[in-house]
Amino acid sequence: MITTGIGKRLRGGAESGPQRALIISSFVSRIGNGLFNTAAILYFTFVVHLPAAQVGAGLTIAGLCGLAAGVPAGNLADRYGPRVVSLIAQAVLALTMASFVLIDSWLAFTLVATLDRLAATAAGAAGGALVARVGGERPAAFRARLRTYVNLGVVVGTLGAGVALQIDTRAAYTALILANAASFALAGLIVLIGVPNYRPLPKPEDHRQWSVLADRPYLSFVALYSAMGLQYQTVSLLLPIWLAAHTDAPRWTVAAVYAVNSGVCVLLQSRLGSKVETPHQGGRALRRAGLLFLVSCPLMALTADVPMWVAPALAVLAVCLHSIGEVWESSGGYALGFGLAPDHAQGQYQGLLGIGFNAGQALAPLILTGAVLALGHTGWLLLALFFAALGLAGPPVAAWAERTRPAPPAEDTATPRAEAER
């Protein structure tokens with residue numbers, strides 16, 4: 001795939017300067033996300049005094065509108081270079097985040113949130129293309145290592161937000177929002193200084209701006225990965241509600257499962273993710289994930305049927321297994337998402353992948369609370385079987401996609417990738 005000095009250094013096991021810069025940038029921005037996301041709903045409802053239903057409606061509108069930026073932003077990244085689009089998106093994110101301290105109505109909230117989601121989607125598409133260039137010959141392995149620091153950043157930010165929540169004043173919430181805005185600005189500055197301005201890669205004559213929409217194997221992978229993405233909110237949304245409403249477990253159990261989930265992902269993401277580089281390995285990783293979810297979901301359901309002192313231990317066990325599955329699932333997604341995309345169109349392909357994943361996350365609360373939670377134990381079992389079926393579909397989808405990729409050129413006649421320029 002990518003034949004640059006970056007790739008050679010990766011094979012040697014050392015991180016390059018651009019890789020370190022991108023890791024630090026992502027870590028900084030995720031600290032800001034952890035600060036803001038933990039307290040966002042409380043700020044909008046208790047400080048701005050917007051009804052919770054209006055906040056939910058505004059976020060839904062913003063989320064749906066934000067999906068529109070994925071492929072266009074990816075095309076811009078492919079045409080002008082991923083760093084340029086990434087920096088513009090980071091600047092817009094800093095401005096929109098800072099604007100949240102000025103809103104005083106639902107309309108203003110919805111407009112700012114929509115701009116924020118459009119910029120976030122663009123940042124995701126350009127960021128995916130940037131990871132592909134910085135990651136060298138093993139972008140999926142680099143993305144797995146990057147996710148370790150992303151998870152760690154969120155944990156640090158969440159802990160910091162706890163202080164502001166305890167203070168519970170407008171000034172404390174405002175400080176969280178402005179800190180998040182500053183994190184986007186600082187993250188962009190780190191990328192500007194430490195990551196090369198990669199030239200766009202040459203495109204074949206048959207390239208089209210919307211060619212990804214004609215790539216049926218990749219569309220199938222996006223659908224599979226987006227549906228499997230329900231597993232994230234299984235731990236963050238469904239399980240906490242289940243523990244609070246259907247079990248006798250003490251309330252601290254919810255915090256414990258969050259901590260365990262983050263800890264397992266931080267500890268294992270790089271170790272397991274480094275083993276998943278090719279689309280073939282990615283398909284098998286999705287299958288492993290589905291089988292782990294097949295076990296973890298029924299265990300979560302069983303927390304309602306055990307004594308109070310057993311429920312926390314059972315929940316932690318279930319989340320440990322689920323978190324290992326999450327690591328395999330994300331690693332498989334990276335391998336397929338990067339490995340199946342043409343080098344010259346990484347932005348476009350990552351943009352579509354982001355659209356699918358975000359759409360799945362937007363629908364997740366409705367599916368998990370409206371269907372799974374309503375059906376109780378049966379719903380948990382159906383969810384487990386759903387994940388297992390998706391996982392089993394991973395290897396054949398990967399094999400189909402690989403068969404439709406063009407054969408790589410011979411090494412002695414291969415067109416070298418464009419040199420990076422600062």
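Test ILE103 against the stated conditions and say whether it is modelled with pLDDT of 90 or more and not in a helix (DSSP H, G or I).
Yes, satisfied.
Any idea which residue in the range 224-239 is farthest from ARG287 (Cα to Cα), counting only those that are under 17 Å from the mean Cα position of the chain (by Cα) and among the hydrophobic types (A, V, I, L, M, F, W, C)?
LEU237
So how many residues does the range 132-141 have that are of a type in the set (A, V, I, L, M, F, W, C) and either free of Cβ contacts under 8 Å to residues at least 60 places away in the same chain or surrounded by fewer than 24 Cβ atoms within 10 Å (Cβ to Cβ) (or both)?
Of the residues in the range 132-141, 1 are of a type in the set (A, V, I, L, M, F, W, C) and either free of Cβ contacts under 8 Å to residues at least 60 places away in the same chain or surrounded by fewer than 24 Cβ atoms within 10 Å (Cβ to Cβ) (or both).
Restricting the range 61-114 to residues that are free of Cβ contacts under 8 Å to residues at least 24 places away in the same chain and open to solvent by 70 Å² or more (accessible area, probe 1.4 Å), which is farthest from SER226 (Cα to Cα)?
LEU102
Pairs, please: C-beta under 6 Å, at least 6 apart or cross-chain, first residue more than 19 Å from PRO202 (Cα to Cα) and in the range 334-355, second open to solvent by 20 Å² or more (accessible area, probe 1.4 Å) and modelled with pLDDT under 85?
From residues that are more than 19 Å from PRO202 (Cα to Cα), the pairs are TYR334/ARG143.
Restricting attention to the range 186-200, and to residues there that are farther than 18 Å from VAL150 by Cβ and not basic (Lys, Arg), which single residue is most open to solvent (accessible area, probe 1.4 Å)?
Among residues in the range 186-200 that are farther than 18 Å from VAL150 by Cβ and not basic (Lys, Arg), the one most open to solvent (accessible area, probe 1.4 Å) is ILE193.
Kindly evaluate TYR225 against the criterion of being surrounded by fewer than 20 Cβ atoms within 10 Å (Cβ to Cβ), under 30 Å from GLY370 (Cβ atoms) and of a type outside the set (Val, Ile, Thr).
no
Would you confirm whether or not the range 305-319 contains a residue that is surrounded by fewer than 24 Cβ atoms within 10 Å (Cβ to Cβ), farther than 22 Å from VAL264 by Cα and in contact with an Asp or Glu (Cβ under 8 Å, 6 or more places away or on another chain)?
Yes: the range 305-319 contains one or more residues that are surrounded by fewer than 24 Cβ atoms within 10 Å (Cβ to Cβ), farther than 22 Å from VAL264 by Cα and in contact with an Asp or Glu (Cβ under 8 Å, 6 or more places away or on another chain).
For residues that are of a type in the set (S, T, N, Q) and in contact (Cβ under 8 Å) with a residue 24 or more places away in the chain, scanning just the range 356-397, find the one that is least open to solvent (accessible area, probe 1.4 Å).
Result: GLN361.
Residues of the range 256-287 being closer than 17 Å to GLY391 by Cβ, out of contact with any Pro (no Cβ under 7 Å at 6 or more places or on another chain) and either surrounded by fewer than 21 Cβ atoms within 10 Å (Cβ to Cβ) or of a type in the set (Phe, Trp, Tyr) (or both), which ones?
Matches in the range 256-287: LEU272, LYS275, HIS280, GLN281.
Can you confirm whether the range 323-336 contains a residue that is in contact with a Ser or Thr (Cβ under 8 Å, 6 or more places away or on another chain) and either of a type in the set (Asp, Glu) or open to solvent by 20 Å² or more (accessible area, probe 1.4 Å) (or both)?
no
Residues that are within 23 Å of the chain's Cα centre (by Cα) and under 14 Å from TYR225 (Cα atoms): which helices (runs of 4 or more DSSP H) entirely in the range 240-358 hold 1 or more of them?
Hits in the range 240-358: 279-302, 311-339.
Just one of the numbered conditions (1) open to solvent by 40 Å² or more (accessible area, probe 1.4 Å); (2) in a helix (DSSP H, G or I) is not true of LYS203; which one?
Going through (1) open to solvent by 40 Å² or more (accessible area, probe 1.4 Å); (2) in a helix (DSSP H, G or I) one by one, LYS203 breaks only (2).
The values are calculated or read from the model by the stated rules, or taken from the named source; none is laboratory data. Keep in mind that this is a model prediction, so the values were computed, not measured. Note: ideal-geometry Cβ built from the backbone for every residue, glycine included; neighbour counts use all protein chains shown. Ligands, DNA and RNA are stripped out before the accessible areas are found, and what is left, the full protein with its side chains, is counted by its heavy atoms. Shrake-Rupley method; radii C 1.70, N 1.55, O 1.52, S 1.80 Å.
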